[in-house]
Amino acid sequence: MIQYMQAVILAAGRGERLRPLTDTNPKCLTLIGGKTILEYELDALDAAGIKECTIVVGYRANQVIEHYGPSFKNLTLHYVRNPDFATTNNLYSLWLARDRLQSQTILIEGDLLFYSELISRLVNLPGTDIAVVDKFQEGMNGTIVRGHGPMISEFVLKSAQGESFDFSGVAKTVNLYKFSKLTMIEHFLPALSRYVGEQNTNIFYEAVLAELVSKKSLQMGMMFPGDCPWFEIDTTEDLRAAQELFYAP
């Protein structure tokens with residue numbers, strides 16, 4: 001039996017690189033193997049024993065809310081709207097859900113595809129603050145981390161990876177995290193509020209994680225997915241590759 005733990009899924013963005021599919025549907029409702037991306041995520045949370053999930057919606061928000069309603073299997077669903085999704089980034093979306101982040105939290109981005117075992121492993125893994133990461137491969141984009149043993153020593157955002165950046169020994173963030181109640185209340189949420197107060201809303205929440213780890217306010221471990229496949233669905237090429245591996249059981 002796990003301690004009380006909730007989840008938040010960030011699904012407010014439009015998904016420009018998946019157009020024209022996203023002209024009429026939010027990215028998280030993209031079908032892969034007969035299931036939406038969001039359904040894979042909700043299935044995984046339910047299988048791991050999570051009972052509550054907050055979904056931050058923005059672009060075509062009503063479609064998501066109407067599609068899933070107040071519950072999914074054993075999950076109670078809550079919705080938070082980001083009306084400024086077109087001009088803000090996921091840091092702001094996460095901040096908007098701050099009232100629902102007062103406990104242990106699994107954080108997932110709404111374009112992430114994986115099998116249920118990945119969430120179950122993360123939920124049950126010892127350690128309070130953990131980022132799921134994978135070995136960096138050519139073609140990957142986004143935030144990377146460096147580490148000492150099982151612990152992250154540095155987050156490096158895409159904006160800080162210049163042409164001569166050394167990618168040896170780095171890992172790619174999967175955009176799946178577990179946070180303790182203490183970290184949420186005492187470190188992460190106050191930092192999010194400070195960024196929003198300074199009107200730094202069009203940036204990624206990883207900027208906050210980079211700052212907290214740099215200041216040693218946050219000690220975050222790493223979990224590698226091993227044989228659990230995952231995809232971040234950004235482009236039609238990602239979608240085609242995911243279709244080959246994932247199917248609805």
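No lab work stands behind these numbers, since they all come straight from the coordinates. The structure presented is a predicted model; accordingly, all values stated were derived computationally and were not measured. Neighbour counts run over all protein chains shown; Cβ positions are idealised from the backbone, glycine included.
The overall shape of the range 117-198 is oblate: from the C-alpha gyration tensor, with semi-axes ordered a ≥ b ≥ c, the ratio a/c is 1.5 or greater and a/b is no larger than b/c.
Annotation for the range 150-249: chymotrypsin sites (Phe, Trp or Tyr not before Pro) lying in DSSP loop with at most 16 further Cβ atoms inside 10 Å of their Cβ are F165, F167, Y247.
Phi angles across the range 15-27 convert, under the Karplus curve 6.51 cos²θ - 1.76 cosθ + 1.60 with θ = phi - 60°, into 3J(HN,Hα) values of x, 4, 6, 9, 4, x, 4, 8, 5, 10, 9, x, 4 Hz, Gly and Pro given as x.
In loop segments of the range 80-183 as defined by DSSP, the GluC sites (Glu not before Pro) with at most 10 further C-beta atoms inside 10 Å of their C-beta are E138, E163. Beta bridges assigned by DSSP with both partners in the chain are antiparallel in approximately 55 percent of cases.
Mean residue ellipticity at 222 nm from the helices of the chain, using -39,500 (n - 2.57) per DSSP H segment of n ≥ 4 over the full residue count, to the nearest 500 deg cm²/dmol?
Working: 7 runs with 63 residues, N = 249.
Per the formula, -7000 deg cm²/dmol.
Report the trypsin sites (Lys or Arg not before Pro) located in the range 1-90 that are in a DSSP loop and have at most 12 other Cβ atoms inside 10 Å of their Cβ, or state none. Passing both the DSSP loop test and the Cβ count: K73. Rg over Rh for the range 166-223 works out to 0.99, using Cα positions for both radii and the Kirkwood form for Rh. Shape index of the chain: Rg/Rh, with Rg the Cα radius of gyration and Rh the Kirkwood radius from the inverse mean 1/r over Cα pairs, equals 0.93.
Its relative contact order, with pairs defined as Cα atoms under 8 Å and 6+ residues apart, puts the chain at 25 percent.
What's the center-to-center distance, using Cα atoms, between the range 209-249 and the range 13-35 in Å? If we compute the Cα centre of each part, the gap is 18 Å.
Taking R0 as 45 Å, what's the FRET efficiency between S217 and T24 from their Cβ-Cβ distance, rounded to 0.05?
0.55
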